[in-house]
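Data block below; observations after.
All of the numbers you see were taken from the coordinates with simple rules; none came from a lab. Everything numeric in this text was worked out from a predicted model, so none of it was measured. Glycine also receives a Cβ, built like all others from the backbone with ideal geometry; neighbour counts cover every protein chain displayed.
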Amino acid sequence: MKTQVAIIGAGPSGLLLGQLLHKAGIDNVIVERQTPDYVLGRIRAGVLEQGTVDMLREAGVAARMDAEGLVHEGVELIVDGRRVRIPLKELTGGSTVVVYGQTEVTRDLMEARQAVGATTIYSADNVQIHDAKGDSPYLTYEKDGQTHRIDCDYIAGCDGFHGISRKSIPAEVLTHYERVYPFGWLGLLSDTPPVNEELIYAHHERGFVLCSQRSLTRSRYYLQVPLTEKVEDWSDERFWEELKARLPEDVASRLVTGPSLEKSIAPLRSYVVEPMQYGKLFLVGDAAHIVPPTGAKGLNLAASDVCYLYRILVKVYKEGRTDLLEKYSELALRRVWKGERFSWFMTNLLHDFGDAKDAWDRKMQQADREYYLSSHAGLVNIAENYVGLPYEDVE
């Protein structure tokens, strides 16, 4: 098989890249290790930046998002018992976020790809990248007892942190940056109405809380917990009681509880690898960077990576601008590091670090809380980053 762009990974970043390339007349094949049902079973966040929303519209897959997604013009922070609403639209000149689950984004992209007959190969084992630095890159994979080959011009590694793409680059080429946090998030998904119209991020002496949502009837809640906690030790009743204890009384009194649809504990980490390209292999999304979910940046940074790579490839194929290929990593990383900074900042602002911070660090943390939530400039800073910083032009 031969194609122009081979994409490894059928998550939202791989599917979005494939859809955009298809609309631009650039042939592509997606290879995915898992089954479609497994991919759709991944529970992820769903706060979409303005730029991500615009990219989904450009890809022609936004009809259901526009009909069912919840446009949020603000977000609430609760710190030291003080409740502060950050009016995103007002502070950013009109930008908002859309609450629409990542699973739904993936479903829309899958259906769009199927509708146009583009090739996605699921359950592909032992995917390998060959000659990424050379003139004739190709992939091999195994399926149904046979080894298959895909020749291509370029390879997009959209296969996540544990995928093969980053691991295919020689170790001496890469520089890794990492920050591991001394806690995790215990998340619970339930078919209950959200406790608040807008998302609530709350700092409490017992630990951080996020009150999020997927729709008007489905809620997602998170509690900061030690890394030593096990999800099986948290009954639904225990979760709801702890959540109520960390929320102001007026909010807790409105909380509607119910059986959990899913419950899990996710450790928090920040990670970036540089560069994000090696020859004709380009790393996209989680293959190159991980953010703690506090800033709602994971899927959105993947979408900005897709934007840059897509725009570069269009210019390569339509205008012969192969000189732009070497700019991908630089362009993507500038926005990645700003997203990492905001996610690190929000994590530091709202979590209890216990003994991991000394007395000085705790005083600085408190000063940050007081400044950012009492200053117009501080609120603008949070709002601009939360709705998403603008994409750079590809020239």
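Below are the figures for this structure:
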quantity: The chain: angle of helix 376-387 to the longest principal axis, Cα-based, in degrees nearest 10; calculated: 40 degrees
quantity: Cα extents of the range 33-170 along the three principal axes, largest first (Å); calculated: 59, 37, 28
quantity: Restraint check, Lys2/Lys280; Lys23/Lys280; Lys280/Lys315; Lys230/Lys263; Lys297/Lys318, Cα-Cα greater than 20 Å; calculated: Lys23/Lys280; Lys297/Lys318
quantity: Where a label projected 7 Å from the Cα of Glu392 along Cα→Cβ would reach, residues of the range 280-300 with amide N under 17 Å; calculated: 283-285
quantity: Highest-fluctuation residue, Arg33, Arg166, Arg42 considered, GNM on the chain with Cα pairs under 10 Å; calculated: Arg42
quantity: Taking Val380, Val306 and counting other C-beta atoms within 10 Å, the order from fewest to most; calculated: Val380, Val306
quantity: Stretch gain in nm, segment Asp125-Ala266, where the contour uses 0.36 nm per residue and the Cα spacing is subtracted; calculated: 48.1 nm
quantity: Rounded FRET efficiency, nearest 0.05, which uses the C-beta distance separating Lys23 from Arg149 and R0 of 30 Å; calculated: 0.65
quantity: Extreme residue, positive dipole direction of the range 278-395, given options Gly279, Pro293, Tyr317 (C-beta unit charges); calculated: Tyr317
quantity: Histogram of C-alpha separations across the range 117-246, 10 Å bin width, %; calculated: 9, 26, 18, 21, 21, 4, 0
quantity: Spatial separation of Cα centroids for the range 160-239 and the range 306-378, in angstrom; calculated: 18 Å
quantity: The range 243-395 shape via C-alpha gyration tensor axes, a/c threshold 1.5; calculated: prolate
